[in-house]
Amino acid sequence: MRLTRFLPFLALAAGPRLATAQDIPPYVPANPVLQSRSALYAQPFVAPHAGWQVRVLTDYYNAVEVSRSPAPFTRQYLFDAEVMQADAWLTRDLSRRVFVIADVPVRGGYSGFLDQALIWYHHTTGLSVPARDELPRNQFEWGFVLPDSNIIRPRPGTFLGDIRTGAGMRLGRAELVGTVTLPTASLDADGWARHVIGASLAVIGRLVGNSRVIVDVSSSVGVTPTHGRLAPYQRTVFVSGMASGRWRFAGPQAMFGTVWVQSSNWHGTGFRAVDAGEVTTDFGFLLRLKRKWPELQLGMTEDLKPDGPSMDVGFSIGLRW
């Protein structure tokens, strides 16, 4: 993956002075149906720390979704792709109560290579995905027919996404975090970026915080103006909720999990996969293999709702200094 060549430079830029904290990693939706509209994401509690904190996270998803509109005028929505997202997160305390946050994202959409392996996995586990069985192997396709247009999305390759920046304030066991996403995407095509400024405000609470267990919850609201040829189908106000936990089970080694619920980003398309809200779980391990090494994140992401396979399965690997 092309992003890997940048990891050494990010590590050098971080420098040896970076401090670590027992935080839960943020989660950013990878599904372009969500990401091209709402600026919302799951931001767990940001613990106080000295100096810069840097987290580099790469996710790679196999996506498949076939959805049909109700009769009598049946139309089809099809999304078959592999999707990459990589994020370089930076946070820094300006005082004991105030901190700044930024995310520099790289995104990608490809024909992919995982289809055959996932078909074997689904059949072995008995969790068959009919859409994956029926569609061509390792071929990109994203298109849908709307009442007033026929939309075909091109394969984007790798591109810079919308940079996020903002600030937060600590209020004891609660935090307020406000961010904006800037239209910095290096891709002109619709469907993969917002192309307008988006904003989000999150209220985060740390319900439990001790040496072994952390539990965070949050609720968020976001606003993104309508834009482009699909403006009549776009919502402008979004809400979401998050519950996250981290359990340190042996020394510095930990498990984490996040459940993310988000309201619908679209309306009136007639496709449940597009018009419905989203429920996603993000989970995995946070490992410190050696004392002076960065924390290693290994995880998976699964879409629970809407009722289609959509982002069938995602794998994540990350480092935090």
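Things to note:
- Members of segment 82-115 that are over 16 Å from the mean Cα position of the chain (by Cα), surrounded by 15 or more Cβ atoms within 10 Å (Cβ to Cβ) and more than 30 Å from PRO48 (Cα to Cα): TYR110, SER111, GLY112, LEU114, ASP115
- Applying a threshold of 6 Å to beta carbon distances and a minimum spacing of six or more residues, or different chains, the list of pairs starting in segment 233-252 at a residue that is over 19 Å from GLY299 (Cα atoms) and in contact (Cβ under 8 Å) with a residue 40 or more places away in the chain and ending at one that is assigned to a strand (DSSP E or B) and of a type in the set (Gly, Ala, Ser) reads PHE238/GLY222; SER240/SER220.
- Top-ranked residue of segment 240-280 - restricted to ones that are part of a strand (DSSP E or B) and within 17 Å of GLY318 (Cα to Cα), ranked as farthest from the chain's Cα centre (by Cα): GLN253
Residues are listed down the side, and each one gets a yes or a no for (1) modelled with pLDDT of 95 or more; (2) buried (at least 23 other Cβ atoms within 10 Å of the Cβ); (3) assigned to a strand (DSSP E or B):
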residue	(1), (2), (3)
LEU40	yes, yes, no
PRO44	yes, yes, no
ALA50	no, no, no
ARG55	yes, no, yes
THR58	yes, no, yes
VAL64	no, yes, yes
SER67	no, yes, yes
ALA71	no, no, no
LEU78	no, no, yes
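- Residue list for segment 129-182, restricted to those being under 29 Å from ARG68 (Cα atoms), in contact with a Ser or Thr (Cβ under 9 Å, 6 or more places away or on another chain) and of a type in the set (A, V, I, L, M): VAL145, LEU146
- Remark: pairs (first residue in segment 72-86, over 17 Å from PRO136 (Cβ atoms) and touching a residue at least 24 places away in the same chain (Cβ under 8 Å); second residue polar (S, T, N, Q) and surrounded by fewer than 23 Cβ atoms within 10 Å (Cβ to Cβ); Cβ separation under 6 Å; 6+ apart in sequence or on different chains) = ARG75/SER69; ALA86/THR58.
- Within segment 203-220, if we keep just the residues that are under 19 Å from the mean Cα position of the chain (by Cα) and in contact (Cβ under 8 Å) with a residue 24 or more places away in the chain, the residue that is nearest to PRO147 (Cα to Cα) turns out to be SER220.
- Search result, residues across segment 199-216 that are of a type outside the set (D, E, K, R) and either under 24 Å from VAL180 (Cβ atoms) or in contact with a Leu (Cβ under 6 Å, 6 or more places away or on another chain) (or both): ALA199, SER200, LEU201, ALA202, VAL203, ILE204, GLY205, VAL215
- In segment 118-212, counting only strands (runs of 3 or more DSSP E) that sit wholly within it, the ones holding 3 or more residues that are hydrophobic (A, V, I, L, M, F, W, C) and closer than 30 Å to ILE24 by Cβ span 164-171, 174-181, 198-209.
- Considered as a group, the residues in segment 22-37 that are modelled with pLDDT of 95 or more and not β-branched (Val, Ile, Thr) include one that is surrounded by the fewest Cβ atoms within 10 Å (Cβ to Cβ), and that residue is PRO26.
- Here segment 232-247 is the region considered, the condition is being closer than 18 Å to GLY277 by Cα and hydrophobic (A, V, I, L, M, F, W, C), and the residue that is surrounded by the fewest Cβ atoms within 10 Å (Cβ to Cβ) is VAL237.
The values are calculated or read from the model by the stated rules, or taken from the named source; none is laboratory data. A quick note: this is a predicted structure, and the numbers were derived from the prediction, not measured. Cβ sites come from the backbone with ideal geometry, for glycine too, and all protein chains shown count toward neighbours.
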